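Engineer: Got a structure here, written out as structure tokens. Questions coming.
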Amino acid sequence: MSSHLNALNSDSYIEISQYRDQHFKGNRYEQEKLLKQSSTLYVGNLSFYTTEEQVYELFSKSGDVKRIIIGLDKIKKTACGFCFVEYYTRGDAENAMRFINGTRLDDRIIRTDWDAGFREGRQYGRGKSGGQVRDEYRQDYDPARGGYGKLTQLQRNPEGRNKF
Amino acid sequence: MSRRRHADENDGGQPHKRRRTSEPVEIEDRLESLICRVGEKSTSSLESNLEGLAGVLEADLPNYKNKILRILCSVARVLPEKLTIYTTLVGLLNARNYNFGGEFVEAMIRQLKETLKSNFFSEAVYLVRFLCDLVNCHVIAAPSVVALFENFVCVTQEDDVPQVRCDWYVYAVLSSLPWVGKELYEKKDVEMDRLLSQIDGYLKRRQKTHVAMLQIWSAEKPHPQEEYLDCLWAQIQKLKKDRWQERHILRPYVAFDSVLCEALQHNLPPFTPPPHSDSAVYPMPHVIFRMFDYTDAPEGPVMPGSHSVERFVIEENLHCIIRTHWKERKTCAAQLLSYPGKSKIPLNYHIVEVIFGELFQLPCPPHVEVMYTTLLIELCKLQPGSLPQVLAQATEMMYMRLDTMNITCVDRLVNWFSHHLSNFQFRWSWDDWADCLTADPEKPKAKFVREVLEKCMRLSYHQRIVDIVPPSFAPLIPANPLFIYKYEDENSSTLPGYNAAITVGNAIKNRASNEEILTLLKDVPNPNHEDDDDEGESFNPLKIDVFLQTLLSLAAKSFSHSFSALAKFHEVLKTLTESDEGKLHILRVVCDVWKNHPQMISVLVDKMIRTQIVDCVAVANWIFSQDMTHEFTRFYVWEILHSTIRKMNKHVQKIQKELEDSKEKLEKQHQKKDSGDEEDMEEDSQLEEQIERLQEKVESAQSEQKNLFLVIFQRFIMMLTEHLARCETGGTDLNTPWYKNCIERLQQIFLMHHATIQQYMGTLENLLFTAELDHHILAVYQQFCSLQA
């Protein structure tokens, strides 16, 4: 006997976002279908030093975690500030979206979003320099994410360009 | 299309705020929206909004009557915090259209019947309250509500029904009186007095064995943890003494009195409570959580007393707001903080008390624990100048009272506090808690701080914890979570198995296969056997030591590394742990090597159960074994046990569901009855075979589940009996910190898995919880039985 009132069934924290994976093999409709059934979350804005153990501890608060895949710099193969968290059930993932998204891990506000499902290769950053795209272009200084963004680093250190 | 995730500026979801400005397409959606939103912040007054809405709805009645009826019935059921707003609306509609009023009342009664039959008892209470408040709006005649109440109270005279059934009907009557007591007494005081006297009689004779199990603190001071019906009764008695003067509830209908008193009233149709059935699941009793009183809010409005009806109404409304908005933390926080009438009460204190009341509720909180942490953080964001201080005050108070706090609640407090701190750079005035350093380290305060620091470390890292506490707290800092390898270096070369360990280690590094490892391990002697002329297949603890210690040491870097290792050598591990002793020993080794890293122990045990290297019973036996005596009061041990029980429960549920799905499929196939077609009959018999197999699987899983609980309870009984006997012969006080921990952990098993354990009560009573048992232990079982009695 649920309330049949649309106006009261708001559950906005679990809605899918605007982001769509450009490398997804399939069309937009297929991706959205997967996102709406997924029990996998993308987690962003992590510090490079945040460990799998810390992620486990935090995300276990909304249910049993099946697997964590730490995102890696494609070249260096070191953590580059994101990860995937897979739950056994969708309901547990929804609670993470409601109550863990937008709170802190390692003193940073982390962001969670639905993911269509982990596939080999998706654990790597897609930025030119090997990390995440957002770290290519950002201009602020973030000591937990390698300092300045890559472009800014090059601008600040023109000799560095010659190394390429 | 931008590839970037949404910006960091906005804080998590709630895009619905943008959606509100766009108009819903259908008229029905518009009606829904108008009705649901009345009473929210507006430039016009509530009265004028209600007046306007009544006009709109009256005009729409010819075409949309059923829809409007449905919407109003729904809001009565799911928006109880706006009760009086909607009763006023119904009152205005009834004044304009008597027939509609009648149809609404009938619809509500139908809905009440349905909710009771479907075990939705909280919602049924809201419906009863709504109907009562309609008396105040001249929609329903007072005498017919009194008649309803008389039927409810009659339930207390029924024979052979669970006490919790009668409890609910009494609660429904008492909890409506703050709204309608005055009117009912004005019209029918003799009948009401008789009713109350019957209720008094019932309350005096009902059993309260359950209270001890449900109290958050066992001490009476500073605030007694009262049984909920006792507290409500005291509040109603006081209200009666005050001649039913109630000033807290917002009553919009008062402004419309001149219009409403012209309206014709309806009588409630006679309502007989549905008879008791075996499928009925009545709400469990609960204890009222109180942590604040009028001495705690230093300035500003005074907190209403614990037996004032205002306290009841405020708490009810705040619980209802959380119940409605728990999924949307920003809305929930905003709604809590905009509680009508907030200027007259110390709202922050009420909110904090209600939230902790839910978090600590026994057996379980109404919502997932992490919700409360995040809600409190949102509240701190919205009231940065006042709420954090109240929260700090509450934390301080709870620390002071740890000695008598139920251990399940202490677990939750540890989890909440450490998670909360991790959002605020772990800033806390630890020095204020220096008293925990001088006491016995097994005492609750020292244990609490130690467990908090350990949880804080899990969310950060060891050095961080060292940095955040004063140097005097060093003894309470958790160990650095480093691996302990038995065969570490040349100093251990004299240990049996040392050479084998080196060989195995090299083999693993050279990507040996499972068979190759098993072959290597064949040469490891068995310390348990005089001669080695067995096949080497039976339990050999040294083999397990050599292999597992080495494997885990190579994989110690992270959880993923360790999981990979377990997966890669699954075959070897299964072989080594074929026997029960093997399973026990593998758990022992995991605990030995990762003694400093309880989190790793938990995840490894979880993985080993899921990959069937060990089974649930092995984990239970391990926890109660001699080796784990010194870990027995650590929180992580109980987290592991409860997680293990939950996995077992989920496993049974999964197979039960598969069985039900197959049965349904067969049903559906039988319904398409058109064939003697061979293919169909083939399918049918395949399905029937599958159902038979699943039936066996279910029975076997349930048997395993029952066995798990038997083992756990048996072990508890043994340990507790030993302790009690020792204390009796030695003449010592039985109430040691260890005993408190143990008996409350036993209670915790019952509380956290009560639904599952109910199924096996017959066996438990016959085999374990017999009359011969020490009464201290039997009392726990009796408390559990009384929860649904």
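Engineer: Counting residues that are within 14 Å of chain A (Cβ to nearest Cβ) and at pLDDT 90 or above, which helices (runs of 4 or more DSSP H) fully inside the range B:1-91 reach at least 2? Can you show your working first?
Structural biologist: Numbers: elements: B:16-19, B:27-37, B:46-78.
It comes to B:27-37, B:46-78.
Engineer: Do we find a residue being part of a helix (DSSP H, G or I) and open to solvent by 40 Å² or more (accessible area, probe 1.4 Å) anywhere in the range A:109-119? Break it down into steps so the answer makes sense when it comes.
Structural biologist: As a first pass, look at the range A:109-119 and keep what is part of a helix (DSSP H, G or I): none.
No, the range A:109-119 has no match at all.
Engineer: Looking at residue B:578 and the list (1) more than 14 Å from residue B:609 (Cα to Cα); (2) more than 14 Å from chain A (Cβ to nearest Cβ); (3) surrounded by fewer than 20 Cβ atoms within 10 Å (Cβ to Cβ), which single condition is not satisfied?
Structural biologist: For residue B:578, the failing item is (1).
Engineer: Within the range B:336-343, identify whether any single residue is assigned to a helix (DSSP H, G or I) and open to solvent by less than 30 Å² (accessible area, probe 1.4 Å), and answer yes or no. Reasoning before the result, please.
Structural biologist: First pass over the range B:336-343, keeping only residues assigned to a helix (DSSP H, G or I): B:336-337, B:342-343.
If we keep only those that are open to solvent by less than 30 Å² (accessible area, probe 1.4 Å) too, we end up with B:336-337.
Yes, the range B:336-343 contains at least one residue that is assigned to a helix (DSSP H, G or I) and open to solvent by less than 30 Å² (accessible area, probe 1.4 Å).
Engineer: Let me ask something additional. Please go through (1) out of contact with any Leu (no Cβ under 6 Å at 6 or more places or on another chain); (2) more than 13 Å from every other protein chain (Cβ to nearest Cβ); (3) at negative phi; (4) open to solvent by 20 Å² or more (accessible area, probe 1.4 Å) for residue A:138 and return the number of the only condition it doesn't satisfy.
Structural biologist: (2)
Engineer: So, one more: Tally the residues that are within 9 Å of another protein chain (Cβ to nearest Cβ) and buried (at least 22 other Cβ atoms within 10 Å of the Cβ), restricting the search to the range B:351-371.
Structural biologist: Residues in the range B:351-371 being within 9 Å of another protein chain (Cβ to nearest Cβ) and buried (at least 22 other Cβ atoms within 10 Å of the Cβ): 2 in total.
Engineer: Picking from B:239, B:196, B:250, which residue would you name as being among the hydrophobic types (A, V, I, L, M, F, W, C) and not in a helix (DSSP H, G or I)?
Structural biologist: B:250
Engineer: Does the range B:609-630 hold any residues that are among the charged types (D, E, K, R) and at pLDDT below 95, and which are they?
Structural biologist: B:627
Engineer: Here's something else I'd like to know. Among the residues of the range B:469-507, what is the count of those that are open to solvent by 20 Å² or more (accessible area, probe 1.4 Å), assigned to a helix (DSSP H, G or I) and among the aliphatic types (A, V, I, L, M)?
Structural biologist: Number of matching residues: 3.
Engineer: Here is a follow-up. Name, by its number, the condition in (1) of a type in the set (Val, Ile, Thr); (2) within 14 Å of the chain's Cα centre (by Cα); (3) within 13 Å of another protein chain (Cβ to nearest Cβ) that does not hold for residue B:374.
Structural biologist: (2)
Engineer: Go through (1) surrounded by fewer than 20 Cβ atoms within 10 Å (Cβ to Cβ); (2) over 28 Å from residue B:744 (Cβ atoms); (3) of a type in the set (Gly, Ala, Ser) one by one and return the number of the condition residue B:333 breaks.
Structural biologist: The single condition residue B:333 does not satisfy is (1).
Engineer: What residue, among those in the range B:148-191 that are in a helix (DSSP H, G or I), farther than 16 Å from residue B:231 by Cα and β-branched (Val, Ile, Thr), is farthest from the chain's Cα centre (by Cα)?
Structural biologist: B:190
The values are calculated or read from the model by the stated rules, or taken from the named source; none is laboratory data. Worth saying up front: this structure is predicted, and the values here are computed from it rather than measured. Cβ: placed from backbone, ideal geometry, glycine included. Neighbour counts: every protein chain shown. The protein model used for the area step is the full one, side chains on, heavy atoms only, and it has no ligands, DNA or RNA in it. Shrake-Rupley method; radii C 1.70, N 1.55, O 1.52, S 1.80 Å.
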